[in-house]
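Notes for the one structure printed next.
The values are calculated or read from the model by the stated rules, or taken from the named source; none is laboratory data. Bear in mind that the values here come from a model prediction, so they are computed numbers and not experimental data. Methodologically, a virtual Cβ is constructed for each residue, glycine included, from the backbone with ideal geometry; neighbour enumeration extends over all protein chains shown.
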Amino acid sequence: MVGEAARLRLPAGAMIPLAAAMLAAGAAAAPMSQWVVDAGCRDGTPQGPYQLRSAGGQLRVAGAFNAGRRTGSFIFWTAEGVRIAHIPYDDGERNGTVATWYAGAPGREPARRLESPWRHGRRDGLTRSWYADGRLRSETEYAEGRIVASAGWSDAGRRLSDAAARELALRDAEAADAQCAELDALVDGHLPRCE
């Protein structure tokens, strides 16, 4: 089913770097009200492959639904075709390795921003983040959503104290959660019309 969904509205100042880069890049290519949804429905809910394209045809989101819940990988691109996020789902919950990248130049592999394993909707395992120049920013071990241990480095490359590393890990987790929420909202605001 192809259709147009309602415009995604976000409070001023709520956008963060990853989602801001994606949405800002898209704003130049296609007004938010001109996104094209290509997805199917069954029993009044989204079902099967899902694609969201700008009005000019540029693929911005690809994923799938099962009985109205996200399943498998949702991948997000900028208007220039640069991959910026991979968010895996199982029955509507994050499950697998969430990966984000800095929005870079078209035709080049983007720089890693974050890799974080999730199990049943919570971080579980070693989460890593990087600075835009590719240097490691933090490594944090999670168990069922709680920090077990953390190491971090300043933008100058100095090792941070345990307390500072934990604070950095908490900020990175908060920023990553906000980014995922912004990207989820993009999909939620552009679902197929299942009547």
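Just the residues that are part of a loop (DSSP other than H, G, I, E, B) and either surrounded by 18 or more Cβ atoms within 10 Å (Cβ to Cβ) or on the phi < 0 side of the Ramachandran plot (or both), please, taken from region 149-178.
The answer is Ser154, Asp155, Ala156, Arg158, Leu160, Ser161.
Those residues that are hydrophobic (A, V, I, L, M, F, W, C) and without any contact (Cβ under 8 Å) to a residue 60 or more places away in the chain, I need them from region 79-119; list them, please.
Passing the criteria: Ala79, Val82, Ala99, Trp101, Ala105, Ala111, Trp118.
On the given criteria, is Ser129 modelled with pLDDT of 95 or more and out of contact with any Asp or Glu (no Cβ under 6 Å at 6 or more places or on another chain)?
Answer is no for this residue.
Can you tell me which residue within region 106-138, out of those that are of a type in the set (A, V, I, L, M) and in a loop (DSSP other than H, G, I, E, B), is farthest from Arg166 (Cα to Cα)?
Taking the candidates together, the pick is Ala111.
For region 60-80, state whether one or more residues are among the acidic types (Asp, Glu) and under 20 Å from Gly104 (Cβ atoms).
Checked against the condition, which is being among the acidic types (Asp, Glu) and under 20 Å from Gly104 (Cβ atoms), region 60-80 yields at least one hit.
For residues that are assigned to a strand (DSSP E or B) and small (Gly, Ala, Ser), scanning just region 82-105, find the one that is farthest from Gly48 (Cα to Cα).
Ala99
Here are some residues: Val82, Val61, Val98. Which one is of a type outside the set (Gly, Ala, Ser), at pLDDT 95 or above, surrounded by 15 or more Cβ atoms within 10 Å (Cβ to Cβ) and over 30 Å from Glu195 (Cα atoms)?
That would be Val98, the only listed residue that is of a type outside the set (Gly, Ala, Ser), at pLDDT 95 or above, surrounded by 15 or more Cβ atoms within 10 Å (Cβ to Cβ) and over 30 Å from Glu195 (Cα atoms).
Criterion first (crowded, with 20+ Cβ neighbours inside 10 Å and either modelled with pLDDT of 95 or more or aliphatic (A, V, I, L, M) (or both)) does Pro88 satisfy it?
yes
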